[in-house]
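Okay, structure first, notes after.
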Amino acid sequence: MLKKELNLLDVFCIATGSMISSGLFILPGIAHAQAGPAVIFSYFFAGLLAMTGMLSQAELVSAMPKAGGTYFYVTRTMGPAIGTVDGLLTWFSLCLKSAFALGGMAAFMVLIVDVDIHIVAIGLCFFFVVLNIIGVKEAAKAQVALVLALLALLVLYVFLGLPKVDLQHFKSFLPYGYHSVFVTAGLVFVSFGGLLKVASVAEEVKNPGKVIPLAMILSLLVVSILYMLVIFVTSGVLGADVLDKSITPITDGAFAFMGNGGRIALSIAAILAFVSTANAGIMAASRYPLALSRDGLLPASLMEVNDKYKTPHIALIVTGLFMIVALCLDLTALAKAASSALLLTYIFSCLCLIIMRESHLQNYQPSFKAPLYPWIQIIGIFGFGFLLFEMGKEALLISSILMACGFFIYWFYGRIRSTREFALLHLIERITAKELTTRSLETELKEIIHERDDVIKDKFDHIIEQSEILDIENSITVDELFRIASQSISKSITLSEEEIFEKLNERENESTTVISPKLAVPHIIIDGEHIFTILLIRCKEGIVFFEDAPKVQTVFLLMGTKDERNLHLRVLSAIAQIIQDPNFEKKWIQAKSKEDLRDLILLGKRRRN
């Protein structure tokens, strides 16, 4: 298992540092040449769409914070075939984006020092691979320092640049029409790919259910505002004649109103941005082959975790080598390839959330829930599809080739090594009323919740895990209930069925054990020592305790000796906390099986002793 070492600032800086790089320091010039000053809206539109995917990812990763991020929840939602495609797409995209960052450093390094940038880029790639092998916390510390320095320089750029903006440069705001804005939005969408990197390191985050969604939201807001302000300043300072031809637009903008010192300062900012993107990219991308390998979809060597540093060293080395190869590719081709893969991944995220929710999996319990469901996801699916289409034939061809490669690897390697239950089967089962699933996915989700919430099992957990469960379909009387319960309990303790039955009736006659219209908690004291048992009972049609009173559908029957009185009280307290959930009764009736009933109690919200 990977170590949980990342906090909110670490996760925020991983996402932010990943997004503020080529999308801000190289692409604005290329994008301005396509859309004019309206490129500001291209970034705004891309960020708005990224928000729909981000909210979906935030919910999914809060429910399943595992290494491999998007791959993990796509596989558990849509199956290993689609999961393999998504995992390789995202790995490919993150590697290319990081290579794009390292390659883009060439334009800035030559402004400061005469050096062979290819040697520097390869050297940095090796450095960050080694840094990530040594430990994710060490890599995260470097990321935090890089990002905070970068944000400070960008805020300075905006603060000093706003008074120098010439509004005349915005007179021809839409020189190429509205269509160019959307086409350009597809090109610059790669700028928001850093959000995917957060999901991939989720297994290494402390309190991931709360930290990851908050970090993703904060990062997207900060980056979107910075993009808008920086590009507004750059467009207003340089104008189309200069900006359209610039491959170092922010540095050129700084030179225009701060002189050579500004050029050097923003060149350093650009280098910090590219380095932070490469570092976060290696960290995040390496978790995808790790996760694929865990599921048997790639060779087992890729899931090896270093004994000393607890990091996936083989996956990190393979990712670094692929990035070095990618450095030889054309920068524009890299941007289009990475953007098309990201768009497909965001589409998968929106689809996954819809399938997960509609499958009604009991143990799908995200800590964060995306608002405005399902409209946010529907808008996202159509918006990402529109951007992908608008990017042209080249992007569609790249996407098709990448998907075909993913299916090829699954069909000839993963298909014969991995079988896995997924949520889509549960949805089909729900619609068709056919038995298609086991409880393997529910069990895995329960284990993930325990790991996510750092659950340490207490005595109550162990009692519930070993307890008997009665699931009764038809309506019965309270006497019939006690007779059935006595027969079940007598098998595990020394008391006879008749003695248990009499004690239950005697207790009920003293005062009713019905504590709410649909719930009863009969509890009796028996002779002996060190005996305590609980029987969980569901009666779908209800148990008649009183005439003209609501029928009871939920019963917790407790039985123990006097020396277990403290445990008895703790169990009553745990039950009281669990049933506080306003949806408890609905979930109890809708549970598909006895094990689902047991999980409902085990995963109930309560304080553990």
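Of note:
- Single residue of LEU102, LEU96, LEU60, LEU89 found to be under 28 Å from GLY209 (Cβ atoms), hydrophobic (A, V, I, L, M, F, W, C) and either at pLDDT below 85 or not assigned by TED's automatic domain parsing to the domain that holds PRO299 (or both): LEU89
- Criterion applied to GLU442, GLU421, GLU435 was being in a loop (DSSP other than H, G, I, E, B), buried (at least 18 other Cβ atoms within 10 Å of the Cβ) and not assigned by TED's automatic domain parsing to the domain that holds PHE584, and the one residue passing it is GLU421.
- Single condition SER573 does not satisfy, out of (1) surrounded by fewer than 16 Cβ atoms within 10 Å (Cβ to Cβ); (2) in contact with a Gly (Cβ under 8 Å, 6 or more places away or on another chain); (3) farther than 30 Å from LEU427 by Cα: (2)
- Filter pass, ILE355 being within 25 Å of GLU585 (Cα to Cα), part of a helix (DSSP H, G or I), β-branched (Val, Ile, Thr) and modelled with pLDDT of 90 or more: yes
- So THR311, is it at pLDDT below 85 and polar (S, T, N, Q): yes
- Filter result for PHE482 (out of contact with any Ser or Thr (no Cβ under 9 Å at 6 or more places or on another chain) and buried (at least 16 other Cβ atoms within 10 Å of the Cβ)): yes
- Test: residue in the range 456-468 that is under 21 Å from ILE601 (Cβ atoms) and of a type in the set (Lys, Arg): yes
- Each residue in the range 386-396 was checked for being closer than 18 Å to TYR178 by Cα and either at pLDDT 75 or above or not small (Gly, Ala, Ser) (or both), and 6 pass.
Residues are listed down the side, and each one gets a yes or a no for (1) over 24 Å from PHE92 (Cβ atoms); (2) of a type outside the set (Val, Ile, Thr); (3) assigned by TED's automatic domain parsing to the domain that holds GLY53:
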| residue | (1), (2), (3) |
| --- | --- |
| LEU221 | yes, yes, yes |
| ILE225 | yes, no, yes |
| THR234 | yes, no, yes |
| VAL242 | yes, no, yes |
| ILE268 | yes, no, yes |
| ILE271 | yes, no, yes |
| ALA285 | no, yes, yes |
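- Consider the range 115-139 and keep the residues that are crowded, with 17+ Cβ neighbours inside 10 Å and either in contact with a His (Cβ under 6 Å, 6 or more places away or on another chain) or over 28 Å from LYS3 (Cβ atoms) (or both). The one that is modelled with the lowest pLDDT is ILE117.
- Candidates LEU481, LEU470, LEU495 - the one that is among the hydrophobic types (A, V, I, L, M, F, W, C) and in contact with a Phe, Trp or Tyr (Cβ under 9 Å, 6 or more places away or on another chain): LEU481
The values are calculated or read from the model by the stated rules, or taken from the named source; none is laboratory data. If you're wondering where the values come from, they're calculated on a predicted model, not measured in any experiment. All Cβ positions, glycine included, derive from the backbone under ideal geometry; neighbour counts span all protein chains shown.
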